[in-house]
Every structure is written in structure tokens, then in C-alpha cells.
Amino acid sequence: MLKATIAELTQTGYAALTVEGVAQRAGVHKTTIYRNWEDSDCLVADALAGHFATDVPIPDTGAVESDLRALARSLVATMTTQAGRALLAIVLSDAVRLPRLAEIKHALFDDRFRRAEPVVTRAIERGELPSETDPAELLKALAAPIYFRLAFTGERVDEATADRAVQVVLAAAHARALPAV
């Protein structure tokens with residue numbers, strides 16, 4: 001049902017999503033969905049969280065540069081798919097008008113940063129990054145150029161984009177420009 005929800009979101013958008021549409025796509029009765037989720041918002045939240053959690057695994061290569069490269073490249077790979085672009089458009093456009101979607105977006109990013117935080121923490125413990133480096137700030141700085149190109153400039157986003165983001169964020173961290181705020 002979660003995959004059907006992602007497919008329905010990709011095709012119809014958040015505002016037009018219905019439990020009936022998801023049920024039909026999943027081949028189940030809508031009561032099956034209501035037995036598992038309180039409402040469509042809860043269903044969407046679980047579907048988005050599951051989609052993004054499985055699409056961006058947290059690497060542990062033993063080196064901060066390769067870990068960050070894997071994270072950035074995985075983000076690029078996820079967000080440049082048809083589903084990734086559609087879901088990005090949904091959270092950018094519909095979140096402005098729909099407070100529940102804004103909450104979902106906030107929770108998704110919080111979850112992603114929390115799950116990826118060990119990459120930065122391990123790098124600090126290995127002495128690869130300054131001790132005052134804020135994991136969330138580093139991860140936001142890593143993702144920012146990728147999302148900026150996807151959402152605003154429409155420029156091509158590829159592995160080279162991811163690799164440049166890693167170089168910039170590592171330079172910023174080593175310059176002690178990413179402390180806790």
C-alpha cells in the first residue's frame with residue numbers, strides 16, 4: 001500500500017490523493033487502508049518516510065569523504081528519478097498550502113538528518129573533521145546545492161554535482177564554518 005501511495009502521489013499530487021485511489025492502485029478495499037492508517041495524511045507520512053529512508057542508505061566506508069560522496073550521490077540518484085522529482089514538487093508546492101504536508105516534510109528532513117548524523121560523528125571521532133562541526137549543519141550544506149539545482153535553477157544534477165557538494169562541505173567544515181548554531 002505504501003508503494004501504491006507513492007505511485008498515486010507521483011501521478012496525482014498530494015492535494016488530489018484519495019484513499020480510494022490508493023486502494024484501487026494497491027488492489028485492496030479502502031477499509032484495509034483505514035484499518036492501518038487513521039487518515040490519508042498518516043498514510044502519506046508513512047509512505048514518504050519509507051520511500052526516502054530506503055532510498056538513502058547511510059554509508060560507513062571508514063572515511064568521511066567517501067561516506068559523504070555516497071550520501072550525496074544517493075540523494076542525487078533518488079531525487080532525479082521520476083518519483084523523486086514528483087515528490088519534490090509535491091513537498092515544495094503543496095506544503096505551502098497544506099500545513100499537514102509541511103509537518104510531514106519537516107519530520108522527513110529531521111529523520112534523514114538524524115539517521116545520517118553518525119557519518120559526521122564518526123568522522124569527528126576519527127579526527128577527520130573539527131570537533132565543533134555540527135552534523136545537521138554539515139548535512140544541510142551538503143544537500144543544499146543539490147536541492148537548489150533541482151528545485152530552482154533546473155540545472156543538470158548528476159554525480160559530479162554530488163562530488164562538488166562534498167568538496168565544498170568538507171572545505172567549509174575544515175574552515176570551521178559549520179559549528180553548531
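Structure data summary
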read-out: Residue ID - modelled with the highest pLDDT, chosen from residues in region 15-31 that are open to solvent by less than 30 Å² (accessible area, probe 1.4 Å) and out of contact with any Lys or Arg (no Cβ under 9 Å at 6 or more places or on another chain); value: Gly21
read-out: Hits in region 92-106 (condition: touching a residue at least 60 places away in the same chain (Cβ under 8 Å), outside any loop (DSSP other than H, G, I, E, B) and among the hydrophobic types (A, V, I, L, M, F, W, C)); value: Leu101, Ile104
read-out: Answer from Arg112, Arg122, Arg176 - the residue that is basic (Lys, Arg) and touching a helix residue (DSSP H, G or I) at 6+ places or on another chain (Cβ under 7 Å); value: Arg112
read-out: Residues located in region 150-168, provided they are within 24 Å of Val64 (Cα to Cα) and assigned to a helix (DSSP H, G or I); value: Glu159, Ala160, Thr161, Ala162, Asp163, Arg164, Ala165, Val166, Gln167, Val168
read-out: Subset of region 130-151 that is charged (D, E, K, R) and within 23 Å of Ala49 (Cβ to Cβ) - its residue that is surrounded by the fewest Cβ atoms within 10 Å (Cβ to Cβ); value: Lys140
read-out: Every residue from region 114-129 that is open to solvent by less than 40 Å² (accessible area, probe 1.4 Å) and in a helix (DSSP H, G or I); value: Ala116, Val119, Val120, Ala123
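The values are calculated or read from the model by the stated rules, or taken from the named source; none is laboratory data. Model, not experiment: these values are computed from the prediction. As a convention, Cβ positions derive from the backbone with ideal geometry for all residues, glycine included, and neighbour counts pool all protein chains shown. Only protein heavy atoms, including side chains, enter the accessible area calculation; ligands, DNA and RNA are left aside. Shrake-Rupley method; radii C 1.70, N 1.55, O 1.52, S 1.80 Å.
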